[in-house]
Amino acid sequence: MKKFLLSLLLAGTSLSAIAQLPTFGIKGGVNFSTLSASGTPNNVVAGTNLTSSSGSVTSFNLGVFADVKFGDISLQPAVNFTGKGGTFDGATGVLPDGSTSQVHSKYNLYYVQVPVNLVYHIPVIIGEIYLGAGPYGGIGIHGKTKLTAVNTKTGSFGTSQDTKFGNDAGDIKRTDFGANAIAGIKLKDGLLLNINYDYGISNILPDADGNKFKTRVLGASVGFAF
């Protein structure tokens with residue numbers, strides 16, 4: 001036991017010697033998000049799985065992060081407020097009066113998200129370039145669902161309601177898990193330019209037919225590291 005405790009102490013001392021003091025920072029920017037939909041529509045042969053992407057929704061991201069370096073590698077946890085969602089166009093139908101109608105749905109979803117990235121730093125003359133990846137977990141805290149019906153004769157009308165997070169049919173799942181990648185450049189004065197891509201693996205809108213809806217987010221942000 002004494003040898004084991006001594007080994008742990010030596011390992012901790014070695015890591016402390018290697019690790020640099022952590023830096024902290026803030027970032028904020030724009031998100032372009034979609035929902036990946038997959039499943040078997042009713043009019044498709046059973047066993048055939050189709051995958052499509054929704055239309056894009058533009059929202060924003062804002063977050064804080066810490067960066068603990070071990071040489072050229074660092075561990076970078078963060079807490080972000082980030083927007084997700086997508087738009088869908090329903091099938092066009094012909095009504096008895098000869099008019100056509102279509103329903104558009106738009107999901108604006110907002111999550112508190114915690115990514116933990118392993119980041120590689122490449123020194124350059126003006127600062128450093130960095131590349132990283134890791135898992136994330138998110139909790140949905142707010143959202144808006146908008147439905148718009150468009151008719152060729154009567155025009156359009158729509159409804160908007162707060163998104164319901166839960167486990168009932170039609171609810172959005174509150175949790176979202178996935179993987180993300182980041183890349184950017186940090187200048188010597190601490191200014192940084194960042195891009196990220198979040199790849200959701202959770203089915204956030206399960207239905208009785210087994211269809212799956214997963215989040216996809218491309219983000220761009222600016223920030224500052226202290």
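The values are calculated or read from the model by the stated rules, or taken from the named source; none is laboratory data. This structure is a prediction, so every number in the text was calculated from the model and none was measured. Here the Cβ positions follow ideal geometry from the backbone for every residue, glycine too, while neighbour counts run over all protein chains shown.
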*Enumerate the pairs (first residue in the range 60-72 and closer than 12 Å to residue 132 by Cβ; second residue anywhere and in a strand (DSSP E or B) and aliphatic (A, V, I, L, M)) with beta-carbon separation below 6 Å, excluding pairs fewer than 6 apart on the same chain, so at least 6 apart or on different chains.*
65/78
*Within the range 194-226, how many residues turn out to be surrounded by 15 or more Cβ atoms within 10 Å (Cβ to Cβ), of a type outside the set (Ser, Thr, Tyr) and not in a strand (DSSP E or B)?*
5
*Could you tell me whether residue 154 is in contact with a strand residue (DSSP E or B) (Cβ under 7 Å, 6 or more places away or on another chain) and within 29 Å of residue 170 (Cβ to Cβ)?*
no
*Just for the range 79-97: of the residues that are β-branched (Val, Ile, Thr) and at pLDDT 85 or above, which one is surrounded by the fewest Cβ atoms within 10 Å (Cβ to Cβ)?*
79
*Test residue 139 against the stated conditions and say whether it is of a type in the set (A, V, I, L, M), free of Cβ contacts under 8 Å to residues at least 40 places away in the same chain and part of a strand (DSSP E or B).*
yes
*What number goes with the only condition from (1) at pLDDT below 95; (2) under 16 Å from the mean Cα position of the chain (by Cα); (3) not charged (D, E, K, R) that residue 150 does not pass?*
(2)
_Show me the strands (runs of 3 or more DSSP E) found entirely inside the range 1-72 where at least 2 residues are closer than 24 Å to residue 223 by Cβ and modelled with pLDDT of 75 or more._
23-39, 57-70
*Filtered residues of the range 142-189 (kept if small (Gly, Ala, Ser) and assigned to a strand (DSSP E or B))*: 143, 149, 155, 156, 158, 160, 178, 179, 181, 183, 184
